[in-house]
Amino acid sequence: MQRLEQNQCGFPLLADLRRSRKNEAPAHSNAMHARLLGAKMTYSRLTRRTALKAATLGSIAAITAPYVRSSYAAGKLTLGCWDHWVPGANNALTKLCNDWGEKNKVDVHIDFITSQGAKNRITAAAEAQAGVGHDIMSQPDWNIQVHERVLEPLDEVMTQLINQYGPVSRVAEYLAKIKGVWRGVPATVGSQVKPCCSRIDLYKEHTGIDLRDIFPADESKYDKAKTEKWNWDNYLESAQKLYKAGFPVGLPMGQTPDAVDWVGALFNSYGAVLVDAKDNIKVNSAETRQALEYLKKLMAVNPPEVYAWDDAGNNRWLISGKGSGIMNPPSAWVVAKRDNPKVAENCWTHPMPKGPKGRFVGQLPYFYGLWAFSKNKSSAKDLLLHISQKESVAELVKASVGYDLPAFNSMYDLDTWKTTGPPIGTIYSYPPRGDEQTSLAGTPARPGVGAQIYNKAINTVMVAKFTQGNEKLDDVIKWAEKELEGTLRV
């Protein structure tokens, strides 16, 4: 096939794609057809190179085992899904899709696409530009907003799910419901929040705080008189004691999601808004100044390297045994079970500290998007409804050891979070409980602005300038105002 020209993003030009598809030779040989006849479900892992090649060829099937429709099939569906980091977790989604396919006589093929090197985002961008690829595609965080114009409306799916399970996470709604239309279905797989994960032994020994007593593995036993005391002032006081004892908390302050998410939650808890929903720049406020002054004290009792950490830095800090607490999904605890069991046995995931305006936790959801160019939209919507049922979600959460999080809080009573250990109940409070609300840095600005605030990490850069760079607070605010003015030009 001829070499295709590429645009500035490195993707083949659409006109060239169309020309190449007209000249493309059939992908199936008779021998391959015979080997695959009757195969109901296939899946593979997708790399950046093969993803781009797929877009060039005009078919994802060209990079994996060729698709062969069974004689009794009602159609076919292809999915591009996030490649899970938990061993075996992909198998749960595969089985759910396989079972549905068998029942409905639809051939289903899944490509599991890694997020390393943003390969999943690159694949989605290539398919959106080419107008060919998978039917259903996993879309992380802001991607539904990015690809809105080429995504099928999914109101009928979401209406049924909301009727079944009640309201959806407000962060999920902010990201996937665009101008009143649902363009994505919240995915359990890959979705996460980032509450506190703390060493119960170190907190008890050096601060006198019994975290299991404040946040027991049973929400009905939460005592408001106790949970109210878990606020940012209390957190700072305990962090100072732990730092003095040689076991600092580890809170990243770089420009990656782990840092942006926990700082965004803290800003929300202080009522600090950078840009409001009407494009008014609000960063120069008493609330923002109060939050930054607080962070000046908190970052002084963190290890100095937190400013250079990537998203694995806080995990490594906790697993090493040097740290007393982080803000993260259960991934650090899961790895500690393997690499440092003594640390894992003393981990307890629990809600974030409360601020003057409430208790917030950073949420980063995944979604399923259905491309408008899909040839089997009806079956795709049925499959999305199936894998979003509570029974299906329970299997996904179990396979991920409690990491994956549904968008419906009516599903937070699943057994996995109650029974997983050690210690038993360690991740019970991973789903938001009590008065904890989900949060996303960049809100309440309109999504086009919020995405820039998030991706430019304006909140953490402000903190770093003030705490590490020792810049004057007024200068930091002025810098942020100029940056935020730039985000409004969209």
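The values are calculated or read from the model by the stated rules, or taken from the named source; none is laboratory data. Remember, predicted model here, so these are calculated numbers, not experimental data. So basically every Cβ, Gly included, is an ideal-geometry build from the backbone, and we count neighbours across all protein chains shown. Each accessible area value is taken on the protein alone, full model and side chains, heavy atoms only, with ligands, DNA and RNA left out. Shrake-Rupley method; radii C 1.70, N 1.55, O 1.52, S 1.80 Å.
Observations on the structure shown:
- Counting the residues of the stretch 129-146 that are in contact with an Asp or Glu (Cβ under 9 Å, 6 or more places away or on another chain) and open to solvent by 10 Å² or more (accessible area, probe 1.4 Å) gives 1.
- Selection status of Ser378, surrounded by fewer than 18 Cβ atoms within 10 Å (Cβ to Cβ) and of a type in the set (Gly, Ala, Ser): yes
- Ser331 being under 30 Å from Glu127 (Cβ atoms), hydroxyl-bearing (Ser, Thr, Tyr) and open to solvent by 10 Å² or more (accessible area, probe 1.4 Å): yes
- The stretch 289-319, subset open to solvent by 60 Å² or more (accessible area, probe 1.4 Å) and more than 25 Å from the chain's Cα centre (by Cα), residue farthest from Pro248 (Cα to Cα): Arg289
- Test: residue in the stretch 257-269 that is touching a residue at least 12 places away in the same chain (Cβ under 8 Å), open to solvent by 40 Å² or more (accessible area, probe 1.4 Å) and of a type outside the set (D, E, K, R): yes
- Of the helices (runs of 4 or more DSSP H) contained entirely in the stretch 102-208, those carrying at least 1 residues that are more than 29 Å from Trp348 (Cα to Cα) fall at 119-130, 143-146, 155-165, 170-176.
- Selected residue (only one of Leu484, Leu488 is open to solvent by less than 20 Å² (accessible area, probe 1.4 Å) and in contact with a helix residue (DSSP H, G or I) (Cβ under 9 Å, 6 or more places away or on another chain)): Leu484
- Of the set (1) out of contact with any Pro (no Cβ under 8 Å at 6 or more places or on another chain); (2) more than 14 Å from Pro406 (Cα to Cα); (3) open to solvent by 10 Å² or more (accessible area, probe 1.4 Å); (4) touching a residue at least 12 places away in the same chain (Cβ under 8 Å), all apply to Val181 but (1).
- Close contacts from the stretch 302-323, counting a first residue that is in contact (Cβ under 8 Å) with a residue 40 or more places away in the chain and a second that is open to solvent by 50 Å² or more (accessible area, probe 1.4 Å), with Cβ to Cβ under 7 Å and a gap of 6+ residues or different chains, come to Tyr307/Gln468; Lys322/Phe247; Gly323/Phe247.
- Residue match in the stretch 457-477 (condition: open to solvent by 60 Å² or more (accessible area, probe 1.4 Å) and assigned to a helix (DSSP H, G or I)): yes
- Tally of residues being assigned to a helix (DSSP H, G or I), farther than 17 Å from Trp348 by Cβ and among the hydrophobic types (A, V, I, L, M, F, W, C) across the stretch 209-261: 6
- Any chance Ala380 is small (Gly, Ala, Ser), in contact with a strand residue (DSSP E or B) (Cβ under 8 Å, 6 or more places away or on another chain) and touching a residue at least 24 places away in the same chain (Cβ under 8 Å): yes
- Total residues in the stretch 391-449, condition more than 30 Å from Gly271 (Cα to Cα) and of a type in the set (Gly, Ala, Ser): 7
- Of Gly421, Gly434, Gly442, all but one fail to be closer than 21 Å to Arg359 by Cβ, part of a loop (DSSP other than H, G, I, E, B) and among the small types (Gly, Ala, Ser); the exception is Gly434.
- Tally of residues being out of contact with any strand residue (DSSP E or B) (no Cβ under 7 Å at 6 or more places or on another chain) and either surrounded by 20 or more Cβ atoms within 10 Å (Cβ to Cβ) or outside any loop (DSSP other than H, G, I, E, B) (or both) across the stretch 85-101: 7
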